[in-house]
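The values are calculated or read from the model by the stated rules, or taken from the named source; none is laboratory data. Keep in mind that this is a model prediction, so the values were computed, not measured. Cβ placement follows ideal geometry from the backbone for every residue including glycine, while neighbour counts extend to all protein chains displayed.
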Amino acid sequence: MKGTAADADVIVVGAGPTGLMLAGELRLGGARVVVIEKLAAPTGQSRGLGFTARAMEVFDERGLLPRFGQGETLATSPMGHFGGAQFDFTVLEDAHFGARGIPQGETEAVLEGWAVELGADVRRGWEFLSLADGFLDGDHAEITVRTPEGTEQRLRAAYLVAADGGASRVRRAAGFEFPGTDATQGMYLADVTGCALRPRFLGERLNNGMVMAAPLAEGVDRIIVCPDGTPAHDRERTVTFEEVAAAWQAITGEDISHGGADWVSSFTNATRQASAYRRGRVFVAGDAAHIHLPAGGQGLSAGVQDAANLGWKLAAVVRGDAPGALLDTYHAERWPVGRRLLANTRAQGVVFLGGAESDPLRELFSELVRYDDVKRHLAGAVSHLDIRYDLGAGEDAHPLVGRRMPPRPLVDADGGQHRVAQLLRTGRAVLLDLADDAGVRRAAAGHLGRLDVHTVSAKPVDGPDVLAGAGALLVRPDGYVAWAGGFARGLTAALERWLGPAAP
């Protein structure tokens, strides 16, 4: 067994959407990253079929949307649901449900291509085996892996990130607590062929369970089968198409056994969240940090946002620009988001999957979603558009602080138009000087290597002026507003908190 002094600044275990997004973010910030993945090749399975509006915005900030083959604007839907109770997102400004019909395999291919182009070292067929002691209070994390050749090798880095799914071996090796509720119900997921099923986009509750069906391609349908009273599956057990077909027939009375399946899988309603997202030099992200009932593509999208939050912070600390305390803000910001995610998916599970005892609840939700205030609340929750990080800015802070910078058109002195997402593609923070204030630009002078400054004006749009009172805004690399004000007062402290001490 051999080892090296430092193989990377960060090792990421897991090459799913979370791990690959994180790898790209780290490289964009200048950190050396190695991604190890047990699978020798991507599965190519569709699994997740799109992502929420907030994840779509993350991809837009990095210029990735055109790579999905549909141009800058992906197919989105104004309609969503909460536990099967349908509503539209037009009650929220700038809102939609997110991108639809994009197989997870395509999302992973886009993210891996981007990360590799930026210089990420993605090693497939490499299996995590163990984590050495010392990661809690030492200056590095060291793991043992099995290579594709079957040999064992040690890898060492300043930090290690577990992005290896709900059954994360890294999370267990690092001693993270993972409390929550055990699975009580087993369900099936499959892409079936040759069955010509009637679409059931929002699911259909029948006497023995709930089923969903949606066409994916010519002759291919995605189905979800949720039989009432089915015990939770053993995650290690192989599920067969025959088993899925039998469950489908038991609920619907339809025989699909003459067809086939591109792939089949099972899942449960287990709900768990790591009690902390960091232990020493090890972090958890995506499904390694939180597992829940699949509902509206929130799992993939939350993992992508975990990566977008953590990546720039790790890179800044690795570069030596920011103090190590910046990394503690990852847990402080993302853990409450994960907790709320688990709450909304558990609630949807009760409404969606409950038997006859849940009929009154379903009826009540159908009534409640007729009210705009209820729709705004539910739409914000399942789209993640209502996220506001507690940045400790105080009660007098501008209402945008902690929220994502809204997509307002920006115009420079030459008349050129810009979008905030375009300005963030460097992976650096952005300071928007909306009042042509020399004091603001002077305050930012010591951070110009880590910050892009743009003197622009914001074009008015219909509706409330969310930028009112903000002569300048500091937007973090992940798109969230860290500071907003009418003058430079407070800007220096915000710059030092998020970007580190000013350069001489």
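Looking at segment 325-348, which of its residues are surrounded by 15 or more Cβ atoms within 10 Å (Cβ to Cβ), farther than 14 Å from A285 by Cα and small (G, A, S)? A347, the sole residue that qualifies. Considering every residue within segment 150-165, establish whether at least one is over 27 Å from the mean Cα position of the chain (by Cα) and not in a strand (DSSP E or B). Yes, segment 150-165 has at least one match.
Take E106 and decide whether it is among the acidic types (D, E), closer than 28 Å to H331 by Cα and either free of Cβ contacts under 8 Å to residues at least 12 places away in the same chain or in the same structural domain as L22 (by TED's automatic domain parsing) (or both). No, not satisfied.
Can you name the residue in segment 352-365 that is touching a residue at least 24 places away in the same chain (Cβ under 8 Å) and surrounded by fewer than 21 Cβ atoms within 10 Å (Cβ to Cβ) and, of all such residues, is nearest to the chain's Cα centre (by Cα)? Outline the logic, then answer.
Just the residues of segment 352-365 that are touching a residue at least 24 places away in the same chain (Cβ under 8 Å), to begin with: 352-353, 355, 362, 365.
Those still in the list that are surrounded by fewer than 21 Cβ atoms within 10 Å (Cβ to Cβ) too: 355, 362.
Values: G355: 31, R362: 28 Å.
The residue in question is R362.
Condition check for G253 on (1) within 30 Å of F87 (Cα to Cα); (2) touching a residue at least 12 places away in the same chain (Cβ under 8 Å): one failure, at (2). Being touching a residue at least 60 places away in the same chain (Cβ under 8 Å), among the aliphatic types (A, V, I, L, M) and under 18 Å from R388 (Cβ atoms) is not true of A421.
Given R172, R222, R198, which one is under 25 Å from the mean Cα position of the chain (by Cα) and outside any strand (DSSP E or B)?
Just one listed residue meets the conditions, R172.
Suppose we keep only residues that are closer than 17 Å to G439 by Cβ and without any contact (Cβ under 8 Å) to a residue 60 or more places away in the chain within segment 457-472. Which one would you say is surrounded by the most Cβ atoms within 10 Å (Cβ to Cβ)? Going through the qualifying residues, I end up with A472.
Residues are listed down the side, and each one gets a yes or a no for (1) surrounded by 24 or more Cβ atoms within 10 Å (Cβ to Cβ); (2) farther than 30 Å from Q348 by Cβ; (3) over 17 Å from the mean Cα position of the chain (by Cα); (4) modelled with pLDDT of 75 or more:
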{"residue": "D7", "(1), (2), (3), (4)": "no, yes, yes, yes"}
{"residue": "I11", "(1), (2), (3), (4)": "yes, yes, yes, yes"}
{"residue": "G14", "(1), (2), (3), (4)": "yes, no, no, yes"}
{"residue": "G30", "(1), (2), (3), (4)": "no, yes, yes, yes"}
{"residue": "P42", "(1), (2), (3), (4)": "no, no, yes, yes"}
{"residue": "G48", "(1), (2), (3), (4)": "no, no, no, no"}
{"residue": "P66", "(1), (2), (3), (4)": "no, yes, yes, yes"}
{"residue": "G71", "(1), (2), (3), (4)": "no, yes, yes, no"}
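Exactly one residue out of V481, V430, V453, V475 is surrounded by 14 or more Cβ atoms within 10 Å (Cβ to Cβ), under 29 Å from the mean Cα position of the chain (by Cα), closer than 23 Å to F59 by Cβ and free of Cβ contacts under 8 Å to residues at least 60 places away in the same chain, and it is V430.
Which of the strands (runs of 3 or more DSSP E) contained wholly in segment 385-504 include at least 1 residues that are in contact with a Phe, Trp or Tyr (Cβ under 6 Å, 6 or more places away or on another chain) and not assigned by TED's automatic domain parsing to the domain that holds G338?
Numbers: elements: 410-412, 429-433, 451-458, 472-475, 481-485.
Filter on segment 385-504 gives 472-475, 481-485.
Right, V192: more than 20 Å from L341 (Cβ to Cβ) and not in a strand (DSSP E or B) or not? No: the conditions fail for V192.
Could you tell me which of the residues A157, A163 is under 30 Å from D137 (Cα atoms) and in contact with a Gly (Cβ under 6 Å, 6 or more places away or on another chain)?
Details: A157 fails: in contact with a Gly (Cβ under 6 Å, 6 or more places away or on another chain).
Testing whether each residue is under 30 Å from D137 (Cα atoms) and in contact with a Gly (Cβ under 6 Å, 6 or more places away or on another chain) leaves just A163.
With respect to (1) within 21 Å of G19 (Cα to Cα); (2) touching a Gly at 6+ places or on another chain (Cβ under 8 Å), the lone exception for V284 is condition (2).
Within segment 405-433, track down each residue that is hydroxyl-bearing (S, T, Y) and at pLDDT below 90. So that I can check it myself, show each step before the final result.
The initial filter retains those residues of segment 405-433 that are hydroxyl-bearing (S, T, Y), namely 426.
Matches in segment 405-433: none.
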